[in-house]
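Presented below is the structure to which this report refers.
The values are calculated or read from the model by the stated rules, or taken from the named source; none is laboratory data. Everything numeric in this text was worked out from a predicted model, so none of it was measured. For neighbour counting, all protein chains shown are included, and Cβ atoms are generated from backbone atoms with ideal geometry for every residue, glycine included. To get the accessible areas, we keep the full protein, side chains included, count just its heavy atoms, and leave off ligands, DNA and RNA. Shrake-Rupley method; radii C 1.70, N 1.55, O 1.52, S 1.80 Å.
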Amino acid sequence: MFVLLAAVIANVVSLGALAFVQITVYVNGKEVHLPFGARVAQALVAAGVEPAAGDLIDADGAVLEVGSGNPAQLTLNGARCSTTDRVAPGDRIEATPGTPIIESIVVETTETGQPFEIVGSGSFVKVRLPGAPGKVTVKKGLITGKVFESAKSQEPSAMVIARFQYAVARKLVVLSFDDGPHPVYTPQILEVLRSEGVHAVFFVVGAQVAAYPNVLKRIRDEGHEIGNHTYSHTLTEAAVECDVSSEISDTSQLVEKLTGSPTRWVRPVGGSLSTAFVRAAESTGHIIVLWNVDTQDWRAARSWGRSDEIRLSVSDAPLANGSVILMHDGGGYRGATVQALKAIIPALREQGYQFCTLSELWHFLGLDA
Ligand SMILES: [Zn+2]
């Protein structure tokens, strides 16, 4: 027991004594003198060597983040070491700065525009050529988004839409009203239609339906048909397909919640078609319905007199069997439309026309199946 304790004391004494002993090590070939038991970090300081980590750079070599690259490399006599390792006399430390990390390059294929062509005229549309959008493949930095290479991977080809009218064997016409429901004018129009015993189609705006759900229910309750005229009525030809789809779906779901049936017919804002609108109508299961007779009732201002209102009559328009007539029950002053409607219905009846909804027209044409 005594012998062991003596040995421990002797050891401690000798270690204390050794702390005053200088040793020589080499950092990147430079000789430095350190106390016995010193660590690699002290050797680096003594040699004035401060190996930095590499930088994060982009593919062009520009520095994105200093020091975010690979860490510096340290070796002690050829083996990897850390700054806390102890050095022994004659040790050789090599300190190498970290190498840079180049940001990852991602390859992305994006769709470019697609030419759009409409041929013919009429209330209905069919896709003659679906075409395809152009595609561009780009290589770009994951962090910076910097494009290093861009190449066309597919040339665009036009979507061609044909507008047409159905050849209808009977003198049937469809009255359609856009931009409602409106709390004032829609009920007035419904009153005229009820007294004339006519059923029409109302292309409703989702936001208006949300504001006046009871007016929508009244349209349905009085036997009229409800079409979809987007939700916000703000979509332009530049709108992308997913935005068009969600506007159509939102309105359809709202109409279904209130009436029990989703919408089947859809009309774009201002009648403006685009590849996105055609695809969105198809993906949401809607049939696009435009018009071939425009009463231009939207031009009617409050200041118009009665004679001007009569100019809303469709008698001068190129009316034919199966015509779809455009009017508005919302979106502004529609007093002139209400007055004109009172003249339009008897005038068309006099010409032998009967009024039907789009579903009735479809049924008559045998398109239901
Ligand atoms: Zn509209």
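Worth a mention:
- Near residue 28: Cβ cut-off under 15 Å, other residues only, Lys/Arg at +1 and Asp/Glu at -1. The net charge is -2.
- In degrees, nearest ten, helix 2-18 long axis to first principal axis of the chain (Cα): 80
- Accessible-area value, residue 83, 1.4 Å probe, nucleic acids and ligands omitted, Å²: 60
- Coupling constants for segment 208-215 follow from the phi torsions by the Karplus curve (6.51 cos²θ - 1.76 cosθ + 1.60, θ = phi - 60°), and in residue order they are 6, 5, 4, 7, 10, x, 5, 5 Hz; glycine and proline get x.
- Placed amide H near residue 124: partners under 5 Å, 5+ positions off or other chain: 164, 290
- In order along segment 232-240, the Karplus-derived 3J(HN,Hα) couplings, from 6.51 cos²θ - 1.76 cosθ + 1.60 at θ = phi - 60°, round to 9, 6, 10, 5, 10, 5, 7, 4, 7 Hz, and Gly and Pro are given as x.
- A Gaussian network model of the chain, with springs between Cα atoms under 10 Å, assigns the largest mean-square fluctuation among 268, 181, 318 to 318.
- With R₀ fixed at 56 Å, the C-beta to C-beta distance from residue 222 to residue 60 puts the FRET efficiency at about 0.25.
- Working from Cα pairs under 8 Å separated by at least six residues, relative contact order for segment 165-365 is 31 percent.
- Spin-label model, residue 96 to residue 70: label points 7 Å out along the Cα-to-beta-carbon direction sit 0.7 nm apart.
- If you take all other residues with their beta carbon under 12 Å from the beta carbon of residue 124, and give Lys and Arg +1 and Asp and Glu -1, the sum is +3.
- Distances between every pair of Cα atoms in the chain, grouped in 10 Å steps from 0 to the bin holding the largest one, split as 5, 17, 19, 12, 7, 7, 7, 7, 7, 7, 4, 2, 1, 0 percent.
- Protein accessible area in the chain, 1.4 Å probe - carbon and sulfur %: 55
- Here residue 217 is the anchor, and the lysines within straight C-alpha reach of less than 22 Å, apart from those fewer than 8 places off in the same chain, are 257.
- Taking all protein chains into account, the per residue accessible area for segment 58-114 stands at 62 Å² (1.4 Å probe).
- Divide the volume of the convex hull around the Cα atoms of segment 165-365 by the residue count and you get 112 Å³ per residue.
- Taking a ≥ b ≥ c as the square roots of the eigenvalues of the Cα gyration tensor, an a/c ratio of 1.5 or more together with a/b larger than b/c marks segment 28-131 as prolate.
- When the residues 291, 362 are ordered by accessible surface, computed with a 1.4 Å probe over the protein chains alone, the sequence from largest down reads 291, 362.
- Qualifying lysines (Cα of each under 27 Å from Cα of residue 152; at least 8 residues distant if same chain): 135, 139, 140
- ³J(HN,Hα) computed for each position of segment 319-335 - Karplus, 6.51 cos²θ - 1.76 cosθ + 1.60, integer Hz, glycine/proline x: 6, 8, 4, x, 5, 10, 9, 9, 9, 9, 10, x, x, x, 5, 10, x
- The relative contact order of the chain comes to 14 percent, based on Cα pairs under 8 Å that sit 6 or more residues apart.
- Distant-in-sequence amide contacts of residue 204, defined by a placed amide H-H separation under 5 Å and a gap of 5 or more residues or a different chain, comprise 227, 228, 229.
- Cβ-based net charge around residue 162, under 14 Å, with every Lys or Arg adding one and every Asp or Glu removing one: +2
- Computed P(r) (all Cα pairs; segment 103-143; 5 Å bins; percent): 6, 17, 16, 14, 12, 9, 8, 7, 6, 4, 1
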